[in-house]
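Only the coordinates and a few stated rules stand behind these numbers; no lab work does. Just so it is clear, the model here is predicted, and its values are computed rather than measured. A quick note on method: Cβ atoms are made from the backbone with ideal geometry, for glycine too, and the neighbour counts reach across all protein chains shown.
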Amino acid sequence: MKAPTHLDFTPEQIEALIERLDQQALVREDYPVLTNLIKAIVWMNFSLQEKQLSIQRLRSIFGIKTESAKSLAKLMAQAQAAEEEAATAASNQINEQSATPDQNNEPEEDAPKKKDPPEKKGKHGHRPASDFTQAKIIDITHEFLKKGSPCPSCDKGKLFNLSPGSVLRIVGQPWLQVEIYRPERLRCSVCGKIFTANLPSEVATESRAASSAKAIVSLLKYRGGVPFYRQGQIQDILGTPISPSEIWEMTEDVADAVQPVYSVMCEHASAAELVQNDDTKALILSVVKDREERMGTLDEDERTGIFTTAILAVLQNINVKIALFFTGIKHAGENLDDLLNKRPKGLSVPIQQCDGGNNVPEHHDTDLSNCNAHARRKFYELVTTWPKIVVKIIGWYSTVFANEKQAPSDPLLRLKWHQDHSAPAMQEMKSYCDALIKQKEIEPNSSMGKAIAYLNKHWEELTLFLRIPGVPLDNNATERLIKQSVRNRKNAYFYRNETGAKIGDILMSVMETCILNGANPWEYLVAIQEHQKDIRKDPSLWVPWAYETRLKELKLQTA
């Protein structure tokens, strides 16, 4: 919608126009003025709706968290209710002006309110016993009966075993417990020589903190988001005071032990058939302080931002997923460039899934795919302003995402499935959006016009999943991965220096890789610390998706 021409009135002219309106004595010159005023009001209302989009995004932070069909229906209902309320208010105003005094004084009967249906209670959240793979199993024998005993009920048959039932009980304990060893000392009454009991070998030769303690504090910090000072506070109130600095040293030891494996993980990731990446803001105090000290000598093109990049590398041929984190001044595309520098020669170009922008590498070619969830979100945010259009577009996207859930797991069969079922919906959506612009139903500079422009600009990348097997529909897997870094940032705020950032990257990388491949991260970190000598010989045997095989080999060698 075009902006109206400039309206220039003096206060006297406005008062005179209002007076003529009250007296129903308009002159011919008043009609163009009123026409321009009405156009200005309509344009201003449209512009305000566009500006409210940022407020809508802010509301979503405190209100609706997801983009489900249920949430969309709720937003649609709110938009329609607002339109109906405005129409009713206008109708009531007209009726009030034309009604007689007696009619105006008649009380209106309140319509009976419908009771909202009672909300269904959620599930209790209890998990079955089979889910607790690390639980301690305690077998309980019968008090006086055993297998082969005569039946005390009929006294004819003999008893045999059935599979036992399961009763689950949850117990708690502090994650760090302190053991104080007090070796006995004996002294000769004649010669005065002192004899001291020997300490256990692990206490006498290893560090003050056990490998199990180092593993759990690392997991709490870099997966649970519990900062060192909070861990220290909890230890204090539980009577086992351990300083935050000592907890930090524990995580440093774990990172040193796993560093060789992390390097091997990077080499494996560089050869992946599919890479997904994104980045988020980060803060390293030492870098900020250095910039402040060089404030007068900084180059104009020197970058001031600090980022954490998350890269999800998928080795489709062996069904392995590798999570990598990199924190520093480089963007996600630059970190991916560094990773692809290690890519073995002769491999085909990898598929890349991202949101575009700074995520794309500059020095390496990739089959670039963009996130359809990101494109869908651009329309979803406009539902209160363009409800009818958004519902149609979201409907087509819903069809595509539903097809993804039903598609076969085999990449070639999945490609054929999407070509048959999703390609028509994507094409219909594009044709509809193009028609809106061509028929001038949508202004190109409006929020809807910009969303359509994004769709058209990235159409080839958004539809790569219809042409190449193995291309994901969205970048949600990386979004979920990078939330681990965001959680750590929100709770701990910053890294003190680049060493701390590197340690965080290493530990988050190995932990998330464990989780992605079904390995227990706590057991993995304990095993890494206890077999450091073997790791130095060949760290490739200790990657999270294969280390259990090496553990079994070592057990057989020592048996």
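Between the listed residues 500, 476, 421, the Cα displaced farthest toward the positive end of the dipole of region 416-559, a dipole computed from Cβ unit charges relative to the Cα centre, is found at 500.
Placing one equal scatterer on every Cα of region 374-503 and applying the Debye formula, the log10 ratio I(q)/I(0) at q = 0.17 Å⁻¹ is -0.92. As a proxy for reagent exposure, 167, 526 were ordered by neighbouring Cβ count within 10 angstrom, fewest first; the result is 167, 526.
Neighbour counts of C-beta atoms inside 10 Å place 320, 254 in the sequence 320, 254, starting with the fewest. Summarising the label geometry, the points placed 7 Å from Cα in the beta-carbon direction at residue 388 and residue 554 lie 6.9 nm from one another.
Looking at region 464-547, which trypsin sites (Lys or Arg not before Pro) are DSSP coil and have at most 15 other C-beta atoms within 10 Å of their C-beta?
Working: sites: 467, 480, 483, 487, 489, 490, 496, 502, 533, 536, 537; in loops: 467, 496.
Filter output for region 464-547: 467, 496.
Based on the Kirkwood radius over alpha-carbon pairs, what is the Stokes-Einstein translational diffusion coefficient of region 332-426 at 25 °C with 0.890 mPa s viscosity, in µm²/s? Write out the running numbers ahead of the final one.
Values: Rh = 15.8 Å.
Approximately 156 µm²/s, per Stokes-Einstein.
In this Cβ point-charge picture (+1 for Lys and Arg, -1 for Asp and Glu), region 443-524 has a dipole of about 280 debye about its Cα centre. Full extension of the chain between residue 202 and residue 319 yields a length gain of 38.3 nm, computed as 0.36 nm times the residue separation minus the alpha carbon distance. For the set 392/440; 416/457; 147/552, the pairs lying more than 27 angstrom apart at their alpha carbons are 147/552. Taking a ≥ b ≥ c as the square roots of the eigenvalues of the alpha-carbon gyration tensor, region 128-186 is classed oblate because a/c is 1.5 or more while a/b is no larger than b/c.
Rounded, prolate or oblate: which fits region 516-559 when a ≥ b ≥ c are the square roots of the eigenvalues of the alpha-carbon gyration tensor, with rounded for a/c under 1.5 and prolate only if a/b beats b/c? Please list the in-between numbers first.
Working: a/c = 1.61, a/b = 1.39, b/c = 1.16.
Judged from the Cα gyration tensor, region 516-559 comes out prolate (a/c at least 1.5, a/b above b/c).
In loop segments of region 292-366 as defined by DSSP, the GluC sites (Glu not before Pro) with at most 16 further C-beta atoms inside 10 Å of their C-beta are 300, 302, 362.
For the residue pairs 330/430; 214/533; 378/490; 438/483, the C-alpha atoms sit more than 29 angstrom apart in 330/430; 438/483.
Do any trypsin sites (Lys or Arg not before Pro) in region 317-382 lie in a DSSP loop with no more than 10 other beta carbon atoms within 10 Å, and if so, which? Intermediate values should be presented prior to the final figure.
On the way: sites: 321, 330, 342, 345, 376, 377, 378; in loops: 330, 342, 345.
Those that pass, being in a loop and sparsely packed, are 345.
Answer rounded, prolate or oblate for region 149-295, using the Cα gyration tensor with square roots of eigenvalues a ≥ b ≥ c: rounded when a/c is under 1.5, else prolate when a/b is larger than b/c, else oblate.
oblate
Placing +1 on the Cβ of every Lys and Arg and -1 on the Cβ of every Asp and Glu, with no other charges, gives region 146-203 a dipole of roughly 240 debye about its Cα centre.
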